[in-house]
Amino acid sequence: MAGARIWRTAIVVVAKAPLAGIAKTRLGVEIGYAEAARLYEAFLLDSLQTIDTGLVAPPSVIDVVSRGISCPDESHASALTAIVHPSWSIVPQRRNGLMGALADSFEDGFAAGADVVVVIDADSPGLPFSHVEECVRLVDLHQAVLGPTLDGGYYLIAVHRDLGQRAAELVLG
């Protein structure tokens, strides 16, 4: 990877606390809310571990300027603090909903000095870290990169500083 650009990167995982009846509620209808919450907690912790492991495995194109979890409110933050490694900052959203979490994450990441903000979902434990790195590399060609899912959604958004405030405006409508 000689000569590869190193990107100052903020990584944000958007997560709820793994609380029965709050996390993975559609799955909870099928398998029970307590079991769905346990599964979500495992997904979240595995996803964070994958990121942590990828960040310490050189060579990487990522120089982390901040690593955080965006959650809905203080009650979620309190519950997450009890299970998440202290190397992750936990930040309650200032705006409501997923789009609010994305907008807050972009603003906070760029304010921390990042060239790229990567926002990742909380329940993609099988996501290879190389996909995160590739999305960061691609912002050199594109100002925003999406990691698509089979259901039409996305598991990751990487946004370049050049989008700046427009990134938050785009997701807020």
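The values are calculated or read from the model by the stated rules, or taken from the named source; none is laboratory data. Model, not experiment: these values are computed from the prediction. Here the Cβ is made from the backbone with ideal geometry for all residues, glycine too, and neighbour counts use every protein chain on show. All accessible areas refer to the heavy atoms of the entire protein, side chains included, with ligands and DNA or RNA removed. Shrake-Rupley method; radii C 1.70, N 1.55, O 1.52, S 1.80 Å.
Treating only the Cβ atoms of Lys and Arg (+1) and Asp and Glu (-1) as charged, compute the dipole magnitude of the stretch 71-161 about its Cα centre; round to the nearest 20 debye.
Working: 4 positive and 12 negative charges, 22 e Å.
Taking the Cα centre of the stretch 71-161 as origin, the dipole is about 100 debye.
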Please work out the Cα center distance from the stretch 1-62 to the stretch 117-160, rounded to the nearest Å.
12
Which is farthest toward the positive dipole end of the chain among A57, V91, Y40, measuring Cα position about the Cα centre, with Cβ charges +1 (Lys, Arg) and -1 (Asp, Glu)?
V91
With all protein chains present, how much of the accessible area of the chain (probe radius 1.4 Å) comes from carbon and sulfur, to the nearest whole percent?
56
Share antiparallel - DSSP beta bridges, the chain, percent rounded to 5
35
Loop-resident trypsin sites (Lys or Arg not before Pro) in the stretch 1-81 with no more than 15 other Cβ atoms inside 10 Å, DSSP not H/G/I/E/B, are R5
For the chain, alpha-carbon Rg and Dmax in angstrom
15.7, 51
Among L80, L141, L156, which one moves the most in a GNM of the chain with springs linking Cα atoms closer than 10 Å?
L141
Return the single residue from G113, G153, G100 with maximal mean-square fluctuation; model: Gaussian network over the chain, springs between Cα atoms under 10 Å.
G153
How big is the accessible area of F110 in square angstrom, nearest 10, if you roll a 1.4 angstrom probe over the protein chains?
20
Residues with amide H under 5 Å of Y154's amide H, sequence separation 5 or more or different chain, H placed in the peptide plane at 1.01 Å from N; which?
T149
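When averaged across all projection directions, what area in nm² does the alpha-carbon convex hull of the stretch 1-74 cover?
So the Cα hull casts an average projection of 6.1 nm².
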What size of dipole, in debye to the nearest 20, comes out for the chain about its Cα centre when the only charges are +1 on Lys and Arg C-beta atoms and -1 on Asp and Glu C-beta atoms?
140
Once amide hydrogens are built 1.01 Å from N within the peptide plane, the residues lying 5 or more places from D63 or on another chain with amide H under 5 Å from its amide H are W7, R8, T9
For the chain, with a Gaussian network of springs between Cα atoms less than 10 Å apart, report the residue from D115, D151, D123 with the top mean-square fluctuation.
D151
I need the shape label for the stretch 91-173. Rule: rounded when a/c is under 1.5, else prolate if a/b > b/c, else oblate, with a, b, c from the alpha carbon gyration tensor.
oblate
When every protein chain stays in place and a 1.4 Å probe is rolled, H142, H76 sorted by accessible area with the largest first are H142, H76
